[in-house]
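Let me begin by presenting the structure, written as C-alpha cells, before commenting on it.
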Amino acid sequence: MEMMADDYDTREISRPLVFRLHENVPAIVREVLLERGWTEFDQKEQDDTDWNLYWRNSPFRMTDHHSIKPWQRLNHYPEAIRITRKDYLARHLKRMKGVYGSALYEFSPVAFIMPNDYVKFMSEYSKERQSVGTRPSYWICKPVDLSRGRGILIFQDIKDLVYDCTVIVQKYISNPLLISGYKMDLRLYVCVTSFCPLTIYAYEEGLVRFATEKFDLGSLDNIYAHLTNSSINKYGASYKKYKEGIGCGCKWTFSKFRSYLQIFGVDDILLWQKINNIVILTLLAVTPLPVASNCFELFGFDILIDEEFKPWLLEVNYNPALCLDCSIDDTVKRKLLHDIVELLNYKQIDTFRQNQVAGTKAVRRPVPWSRAGESAPREAPGLLTCQKVTKSTSASSVRPALQAATGSVRKVATRTKKTARAHPRETLTSQLRERMNTAKIPSQAKAEAKNNQLPGAGHSPHKSAQLSCWLPTPDFCNYKLTTRPYFLSDKDQRPVPRVGGFVLIFPFNEAALQASRDRTDVKSIIKEIKKLVSKQLSSK
C-alpha cells in the first residue's frame, strides 16, 4: 500500500504544467504553451483544479476568482472592463481630470457619450461654429463596446452624425504624424500583474499599424485612409502592394519605428516616457479594482502621435488581438506570450505545487523538491511554508494530515496499481491540497515566522527563477501567505525591473512604491508623477 501511495505522489510531483483554454482563444496561445512543454487540460481525465493557467477571452465569474488555488493563474482581473469599454474609460478620465487637473490628463481627446451628452455636445459644436476665425473640428463617433474599427464614423457636419446605439463622440485628431503620407498609430502591450499594489509592465516591442491609403481629410468616408486597424486594412486593395516608405502590408515593429525617429533626430526616449506616463495615469483612474488573487491582465493601449510628437490615448483594449496576419505579428506576439509566462514565474509556482503534494507523502523517504535533473532549492521564495519530510522528522508531525484523508487513502489502496496510475487525480490530491492550504493556528504560524527567510533570499538558480511569485491575499482565500502578492527582487524587495521584453514602469521610485502598498494612495502617486513629468520636461 505504501509503495502505491509513493508511486502516486511521485507522478503528481513530476507532471508538467497544465493550461486550460476557453473556446475562441487564439491558436498561438496553445502553440506557445506547447512549445514550452505544457500539456492541455483534459476535463474528462483530470481534476477540476489540476491546471496552472486558465486563459479565456471573456471575463471569469467571481466564483472562479474565489476558488482559485495557489498554483493557478487567470488571465483576467474582475471588472477590468472599467478601463476597456470606451464610455467607462471616458468617464474615469474625466473624473481624474476634474480632481487632479486637466494639464495632467490632457492626453485624451474631448469626449461625449451619446445620447446622454447630446446637449453638451451640441453646445460645444455650436460654440466652435460661431467662433470667428476658428476652423471647425473634425469628430469621430465610435460604438462604446465594439472593437476592430467596427461602426466608426468620422464627420465634420452634424447632419452626418447618425447612430443607433450608445456611442462616444470625440474630437478627431486631424494632424496625425504621417510617414510618407500614411497615418499610423501604436499598439502597446501592457501587463498588470497586480492592482493592489499596482504593478505595471510595458512591453518593449509592439506594433506600428498603418492605414493603407494616404491620409486625406477631403475623404472622411475612406476607412483605409483614416483607420489603422489591421482587421480592416488587410482587406484593402493596397494592403499587399509596396507602399513607398512603408513597404508591403500595414505594420512595423517598435524597433523599426524608433530607428526611423532617430534618423530624423527625434528624441524617442522622451516620447516613450510620455507614453508610459499615459499608461500609468490611465490605470490609476480605475485603481483599485476588486481584490483578486492570482490574476494578471494584458491590455492593448492604442496610442496616436500627432505632428508635434504629442502622444494621445485612443482606447484601451481588452483581449488585444493575438491573431497572426503577417510575419511581424508572429515575431512580436509569439515572444510576447513567452515573456508573459516568464513574467508569471511558473517555475516557482510549479515548485509550490510539488511542495503541496510532497508535504502529504508518507514518511518513508525524502521527496525531491524540484523537477528531475534539477538541483533542489533551499527554499522556494514566495511560497507557502511547507515542511520537508526527512528521516529525522517525526511521523506524528505528518500523521494528522494523513489521518484527515484516511478515507481517500483507503480508496487508493484498494485499487490495482494499473487503475491508480490511470486515474492519478481523484480525490486524494484535491483533499490534501485543501488540507495543506488551511490557515495555521496562531502559535504555529508565529513559530514558523521566526525561521522564514525573506522572499527569494539565497535562491537564484537562473534569471527567470529570481522572481518571487505573487500569491492570493488572505482576505480573498482561506490560506496564509508568507509574501506580499507581487514580484519582489532578492535584494531590496522591489518589483523585478525587467522580465524578457517586459519593463517595469510602475512603481518608478521609492515614494511611488510606498504609496502603492496596501491601499493605493493615488493622491501621493499623482504628486510623484507631476515631479517626474517636470523632470522630463526640464531634461528636454
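Some notes on this structure:
- Remark: for residue pairs K251/K335; K274/K335; K214/K241; K97/K527; K251/K274; K127/K159, the C-alpha separation exceeds 19 Å in K274/K335; K251/K274.
- S180-S67 FRET efficiency (beta carbon distance; Förster radius 41 Å; 0.05 resolution): 0.15
- Whether segment 77-186 is rounded, prolate or oblate, judged on the alpha carbon gyration tensor where a/c under 1.5 counts as rounded: rounded
- Global form of segment 110-172, assessed from the alpha-carbon gyration tensor, a/c cut-off 1.5: prolate
- Segment 10-79 and segment 220-266: distance between their alpha carbon centers, rounded to Å: 36 Å
- Taken about its Cα centre, segment 158-220 carries a charge dipole of about 120 debye when Lys and Arg each add +1 at the Cβ and Asp and Glu each add -1 at the Cβ.
- Neighbours of F257 by Cβ distance under 13 Å: Lys/Arg scored +1, Asp/Glu scored -1, total +1.
- Here segment 106-186 is assigned +1 on the Cβ of each Lys and Arg and -1 on the Cβ of each Asp and Glu. Its dipole about the Cα centre then comes out at about 140 debye.
- Estimated FRET transfer efficiency (K523, E79; beta-carbon r; R0 22 Å; 0.05): 0.50
- Overall, the anisotropy analysis places segment 160-205 in the oblate class: the square-rooted eigenvalues a ≥ b ≥ c of its C-alpha gyration tensor yield a/c not less than 1.5, with a/b not exceeding b/c.
- Stretching R30 away from D48 to a fully extended chain increases their span by 4.6 nm, per 0.36 nm per residue minus the current alpha-carbon distance.
- The GluC sites (Glu not before Pro) of segment 274-324 that meet both conditions, a loop assignment by DSSP and at most 15 other Cβ atoms within 10 Å of the site Cβ, are E307, E308.
- Restriction of the trypsin sites (Lys or Arg not before Pro) in segment 79-165 to DSSP coil positions whose beta-carbon has at most 12 other beta-carbons within 10 angstrom yields R150.
- Whole-number percent relative contact order across segment 110-172, with pairs defined as alpha carbons under 8 Å at least 6 apart: 45 percent
- Sites listed here are chymotrypsin sites (Phe, Trp or Tyr not before Pro) in segment 186-266 whose DSSP assignment is loop and whose Cβ has at most 13 other Cβ atoms within 10 Å: Y235, Y242, F264.
- In order along segment 206-215, the phi-based Karplus estimate (6.51 cos²θ - 1.76 cosθ + 1.60, θ = phi - 60°) of 3J(HN,Hα) comes to x, 10, 9, 10, 10, 6, 9, 10, 5, 4 Hz; Gly and Pro are listed as x.
Coordinate-derived values only; no laboratory data. These numbers were taken from a predicted model, which means no experiment stands behind them. Because the Cβ atoms are built from the backbone with ideal geometry, glycine has one as well, and the counts that use them run over all protein chains shown.
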